[in-house]
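Throughout, read-outs are computed from the coordinates displayed, never taken from laboratory work. Please read these numbers as outputs of a predicted model, since none were measured by experiment. Note: ideal-geometry Cβ built from the backbone for every residue, glycine included; neighbour counts use all protein chains shown.
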Amino acid sequence: MNEHIHRLIESIHQELLPELQVESVNPHDPVEVRYLPHPWQLIGRGNYAVVVCHPEYQELVVKIYAPGRPGFAEEVEVYRRLGSHPAFSECLYAKDGCLILKRLYGVTLYDCIPRGLRIPKQVIKDIDKALDYARQRGLYPHDVHGRNVMMYEGRGLVVDISDFLDQEKCSKWDNLKRAYYWLYRPILSPLRLKIPYFILDGVRKTYRFFTLLKNRKQKSVPLLP
């Protein structure tokens, strides 16, 4: 580990963690950041953790799990198995619910829709190949949706791999691809339509509701003798 990362680790434990206030209000919604000390900058919020960066270390990000939220050890193991791949980040440090990761730049596919940004087919192909690579490393791509994948300079990236040890079947990526080929490419992309965030959030919550309902029904069906 080089001196550059050592300095960042010291800053994390001396300046960031003692003052950072993060709370997970609902496990199905992004965590709430109550206070982020200067000069740290908020990069993103997930359902389990927050991602921040320091202006002196722009090539790295720090991911910190909210108190009481699981998954830290599992995410560390996923990064260990992934090793180095252009579509994934890399873990450079992990301790006490805090990870230092190589920063990936880009725009999430979710954010592309309200902004009217064109999503090339190559982005979808890149993500498919990245997920196949993860499977070859003994992982199970899970919870891959529009907020967890990005595009940068026309190429696809996977930015959240925290649930890749979950062996339960997950159809989110297949459903997103279906919407991409059936709705986005023939309609939204040619017309350059911009879908507001409040509509996207409504679609997201409706999808989540019916998915949970479907899963409950499947689990309640008794096995035939």
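Going by amide H atoms built from the backbone, whose H comes under 5 Å of the H on Val22, apart from near neighbours?
Amide H neighbours of Val22: Arg34.
Using a cut-off of 14 Å between alpha-carbon atoms, which aspartates and glutamates can reach Lys95, once sequence neighbours fewer than 8 places away in the same chain are excluded?
Glu10, Glu74, Glu75, Glu77
Arranged from highest to lowest average of other beta-carbon atoms within 10 Å per residue, in what order do the peptides 100-112, 182-194 appear?
100-112, 182-194
Pop out the ³J(HN,Hα) list for the stretch 195-201 in order, Karplus 6.51 cos²θ - 1.76 cosθ + 1.60 with θ = phi - 60°, rounded to Hz; leave Gly and Pro as x.
Karplus-based 3J(HN,Hα) across the stretch 195-201 equals 8, x, 4, 5, 6, 4, 5 Hz.
With θ set to phi - 60°, apply the Karplus curve 6.51 cos²θ - 1.76 cosθ + 1.60 along the stretch 76-88 and write out the HN-Hα couplings as whole Hz, x wherever there is a Gly or Pro.
Karplus-based 3J(HN,Hα) across the stretch 76-88 equals 4, 5, 4, 5, 4, 6, 5, x, 10, 8, x, 8, 10 Hz.
Among the listed pairs Lys129/Lys169; Lys102/Lys194; Lys125/Lys194; Lys172/Lys194; Lys102/Lys129, which are separated by more than 25 Å between their Cα atoms?
Result: Lys102/Lys194 exceed 25 Å.
Quote the Stokes-Einstein diffusion coefficient, in whole µm² s⁻¹, for the stretch 1-80, based on the Kirkwood radius over alpha carbon pairs, a temperature of 4 °C and a viscosity of 1.567 mPa s.
It comes out at roughly 97 µm²/s.
Long-range amide H contacts for Gly46: which residues qualify at under 5 Å (H placed 1.01 Å from N, peptide plane, sequence gap of 5 or more or a different chain)?
Val31, Val51
If you stretched the chain out fully between Ile199 and Glu32, how much longer would it get, using 0.36 nm times the residue separation minus the C-alpha to C-alpha distance?
That works out to 58.0 nm of additional length.
How much of the calculated P(r) for the chain lies past 29 Å, in percent of all Cα pairs?
31
Would you mind putting 59-68, 155-164, 84-93 in packing order, based on average other-beta-carbon counts within 10 Å, highest first?
155-164, 59-68, 84-93
So between Lys121 and Lys177, what do we pick up on full extension, going 0.36 nm a residue minus the alpha carbon distance?
Separation in residues times 0.36 nm, less the Cα-Cα distance, equals 19.1 nm.
Could you run the Karplus curve 6.51 cos²θ - 1.76 cosθ + 1.60 with θ = phi - 60° over the stretch 108-125 and give me ³J(HN,Hα) per residue in whole Hz, x for Gly and Pro?
For the stretch 108-125, the Karplus curve yields 5, 4, 4, 6, 5, 5, x, 8, x, 7, 6, 9, x, 4, 4, 4, 5, 5 Hz.
How long are the three semi-axes of the equivalent ellipsoid for the stretch 107-205, computed from the Cα gyration tensor as the root of 5 times each eigenvalue, in whole Å, largest first?
24, 15, 11
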